[in-house]
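Report on the following structure.
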Amino acid sequence: MSKTKQNLMNNEQYFTKGFNYRKGVYKNIYKLNVQNNNIMEAGIDYMCEIGQNLRIKSLQLSGNKFGIESSKKIALLLLKNPYLEYLDIAEVDQTISSLIYFTTVMRLDQPMYNETLKILDISRPNPGCMYFFNAEQFATLIGHMLRNNTCLFALHLQKCGFNCHDIECMMINAQYNHTLHFLDLACNNIGDHGMHHLANWLIKTSALRGLILSKNIITDHGARILSHTIPFSKLKFLDISFNKITDEGMVNILNSLKKISLIKSLRIFGNFLSHITAKTIKRILLSKVLYQTNLDVKPYRVEDKWYCAQYPMDCSKEHLYDIIELSTKNNKKTETFSNIYKFNETSKIKKRL
């Protein structure tokens with residue numbers, strides 16, 4: 001029987017109703033998107049009951065406020081389900097007590113662990129006004145998880161409240177990870193000191209191809225550190241939009257991009273950019289170090305002054321993963337996101353490389 005895909009995003013669906021209505025059909029669903037619905041504990045309980053036989057590869061549950069206990073059950077489900085490869089459980093009102101379950105089940109040094117999940121999104125924990133979220137403890141747990149994990153391809157950690165010290169704590173152990181290809185740290189409080197620790201990892205042992213640092217507090221000093229890192233890293237995609245970088249720091253980054261640079265996509269809009277940066281971007285576009293479709297700003301001139309206007313880009317996760325995969329397309333042993341989740345016209349799974 002052919003595989004099917006269900007997109008019930010923003011559809012006010014209850015998980016139990018959805019699966020009861022499709023009784024017997026759930027075994028043929030490979031991708032399920034139920035973001036921003038009204039799924040509560042009863043729905044998660046039902047899913048976990050059939051979870052071992054649920055052959056879903058991609059499950060998106062973000063925006064459903066089912067809370068702590070249900071989040072723990074989903075984490076434990078990862079120990080029983082060998083099929084799930086993409087889990088989005090962002091913004092479901094988690095606390096550190098449930099997040100520790102996810103960081104534990106993904107560690108290879110535990111008696112039982114998951115080794116099939118490739119993409120994990122645990123962004124935007126929301127413990128509520130009665131709880132204090134310890135970002136330092138969470139960062140330390142993430143570091144231990146990354147040190148003892150070899151299966152994760154991408155990790156999303158937006159809006160976790162990380163500051164520079166938290167990144168330092170994370171990197172103590174995360175620096176020993178050699179397999180993570182994509183890290184999303186957008187919308188935190190990471191500054192220049194945190195950038196310093198990330199840069200050390202990028203230069204030494206990191207396999208990162210994509211790094212998102214948008215909407216943090218990185219200044220020119222952090223940009224200068226990053227400019228010294230880029231030529232020696234494996235980065236193909238970099239997002240430093242909406243930080244506190246001026247022309248001085250941005251020109252350093254742009255000048256580090258040479259024709260041999262691996263960087264193929266860059267986002268810088270939302271910083272304090274003016275004439276000097278715009279002229280440098282124009283030169284880079286003319287020399288074809290970058291192409292306009294892979295840059296989120298477009299230089300334009302008014303009289304004798306150059307300015308930067310925002311240029312629309314595809315911001316979907318799938319597009320970002322595709323950019324990263326270009327670096328491994330010749331490695332036939334590498335299982336990439338597109339091979340797992342892209343389907344042909346008959347909705348059958350494509351053969352993996």
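Below, the figures for the structure above:
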read-out	value
Boolean, ILE218 is crowded, with 17+ Cβ neighbours inside 10 Å and either hydrophobic (A, V, I, L, M, F, W, C) or over 22 Å from HIS319 (Cα atoms) (or both)	yes
Out of LEU226, LEU238, sole residue that is under 17 Å from the mean Cα position of the chain (by Cα) and within 23 Å of ASN294 (Cα to Cα)	LEU238
Within the stretch 145-223, strands (runs of 3 or more DSSP E) holding 3 or more residues that are farther than 18 Å from ILE268 by Cα	154-156
Flag if ILE230 is at pLDDT 95 or above and of a type in the set (A, V, I, L, M, F, W, C)	no
Qualifying positions in the stretch 294-339 - assigned to a helix (DSSP H, G or I), modelled with pLDDT under 80 and under 17 Å from the mean Cα position of the chain (by Cα)	GLU325, PHE337, SER338
Residues (of a type in the set (Phe, Trp, Tyr) and under 22 Å from the mean Cα position of the chain (by Cα)) located in the stretch 242-280	PHE242, PHE269
Residues being crowded, with 20+ Cβ neighbours inside 10 Å and either free of Cβ contacts under 8 Å to residues at least 12 places away in the same chain or not aromatic (Phe, Trp, Tyr) (or both) - total across the stretch 230-246	10
Subset of the stretch 45-67 [assigned to a loop (DSSP other than H, G, I, E, B), within 17 Å of PRO125 (Cα to Cα) and either free of Cβ contacts under 8 Å to residues at least 40 places away in the same chain or aliphatic (A, V, I, L, M) (or both)]	LEU61, GLY63, ASN64, LYS65, PHE66
Condition met for THR229 (more than 30 Å from GLN110 (Cβ to Cβ), among the polar types (S, T, N, Q) and either in contact with a Cys (Cβ under 7 Å, 6 or more places away or on another chain) or not in a loop (DSSP other than H, G, I, E, B) (or both))	yes
Residue selected from the stretch 273-297 under the condition among the aliphatic types (A, V, I, L, M) and under 18 Å from ILE324 (Cα atoms), by the criterion surrounded by the most Cβ atoms within 10 Å (Cβ to Cβ)	LEU295
Test set (1) assigned to a loop (DSSP other than H, G, I, E, B); (2) touching a Phe, Trp or Tyr at 6+ places or on another chain (Cβ under 9 Å) - PHE138 fails condition number	(1)
Filtered residues of the stretch 240-294 (kept if of a type in the set (D, E, K, R) and under 21 Å from LYS215 (Cβ atoms))	LYS244, ASP247, GLU248, ARG267
GLY270, sole failed condition from (1) surrounded by fewer than 19 Cβ atoms within 10 Å (Cβ to Cβ); (2) closer than 21 Å to MET313 by Cβ; (3) in contact with a helix residue (DSSP H, G or I) (Cβ under 9 Å, 6 or more places away or on another chain); (4) not charged (D, E, K, R)	(3)
Residue, modelled with the highest pLDDT, within the stretch 125-134, restricted to residues that are surrounded by fewer than 20 Cβ atoms within 10 Å (Cβ to Cβ) and either touching a Phe, Trp or Tyr at 6+ places or on another chain (Cβ under 9 Å) or under 24 Å from ILE212 (Cβ atoms) (or both)	ASN134
Matching option when the condition is among the β-branched types (Val, Ile, Thr) and closer than 23 Å to LEU185 by Cβ, among ILE68, ILE100, ILE56	ILE100
Unmet criterion (only one of (1) at pLDDT below 85; (2) outside any helix (DSSP H, G or I); (3) closer than 25 Å to MET106 by Cβ) for GLN35	(1)
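Let's see how each residue does on (1) surrounded by fewer than 19 Cβ atoms within 10 Å (Cβ to Cβ); (2) in a loop (DSSP other than H, G, I, E, B); (3) in contact (Cβ under 8 Å) with a residue 60 or more places away in the chain; (4) in contact with a Pro (Cβ under 8 Å, 6 or more places away or on another chain):
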| site | (1), (2), (3), (4) |
| --- | --- |
| GLY43 | no, no, no, no |
| GLU69 | yes, no, no, no |
| LEU84 | no, yes, no, no |
| VAL92 | no, yes, no, no |
| SER98 | no, no, no, no |
| THR103 | no, no, no, no |
| ASP109 | yes, yes, no, no |
| GLU115 | yes, yes, no, no |
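The values are calculated or read from the model by the stated rules, or taken from the named source; none is laboratory data. Owing to the predicted nature of the structure, the values given are computational and were not obtained by experimental measurement. Here the Cβ is made from the backbone with ideal geometry for all residues, glycine too, and neighbour counts use every protein chain on show.
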